[in-house]
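As structure tokens, the structure follows; a few thoughts come after it.
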Amino acid sequence: MHILILNGPNLNLLQYRDPSLYGGRSMEQIILEVQKAHPQVRFTYHQTNHEGQLIDLLHETITADEPSYNGIILNAGGYTHTSVSLRDAIELCRIPVIEVHLSNIDAREDFRRIDLLRDVCTTRILGKDCYEKATDYILTHTL
């Protein structure tokens, strides 16, 4: 089992963001916790602040003759609310794409309630343990 985790803008600075919304852990801590909880899974992790790089990484999974991943966990950050191009790339994916957010974007500012990715992702998971739950979802639905 091989899962790709893609994170978008500002998630590299997660430990500096509002802990009441994001939990106070660094992304490195979250990834280590997910790996520890799922030792049978191989994870590949990328974080970028650049929309085009996220799209390029998704394209690599689309154009491969054989999928090298069983699923993708995607936290697109602010691009969730703005990127039609990212939405179009997700729509082309042949493997499950699980949208995750550490906060409940549905209960936040009006602009964060706009989710351009929701209907092209396999499912969406919100909240503190979203990466673990997304991994569980992929394990349950792709074996």
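General remarks:
- Evaluated at q = 0.12, 0.13, 0.14 Å⁻¹, a Debye calculation over the C-alpha positions of the chain (equal weights, vacuum) places log10 I(q)/I(0) at -0.43, -0.51, -0.60.
- Over all other residues within a Cβ to Cβ distance under 15 Å of Leu4, the charged ones net out to -2, with Lys and Arg as +1 and Asp and Glu as -1.
- Comparing Cα centroids, the stretch 1-24 and the stretch 30-51 end up 11 angstrom apart.
- Ranked for footprinting exposure by Cβ neighbours inside 10 Å, fewest first, Lys128, Lys36, Lys133 give Lys36, Lys128, Lys133.
- Magnitude of the charge dipole, the stretch 1-63, Cβ model with Lys/Arg +1 and Asp/Glu -1, debye to 20: 240 debye
- Helix-derived mean residue ellipticity, 222 nm - over the chain, DSSP H n ≥ 4, -39500 (n - 2.57), to 500: -10500 deg cm²/dmol
- Taking a ≥ b ≥ c as the square roots of the eigenvalues of the Cα gyration tensor, the stretch 6-86 is oblate, since a/c reaches 1.5 or more and a/b is not larger than b/c.
- A simple charge model with +1 on the Cβ of Lys and Arg, -1 on the Cβ of Asp and Glu and nothing else charged puts the dipole of the chain at about 360 debye relative to its Cα centre.
Read the figures in this text as sums done on the coordinates, not as results from a lab. Bear in mind the structure is a predicted one, so any value in this text is a computation, not a measurement. For neighbour counting, all protein chains shown are included, and Cβ atoms are generated from backbone atoms with ideal geometry for every residue, glycine included.
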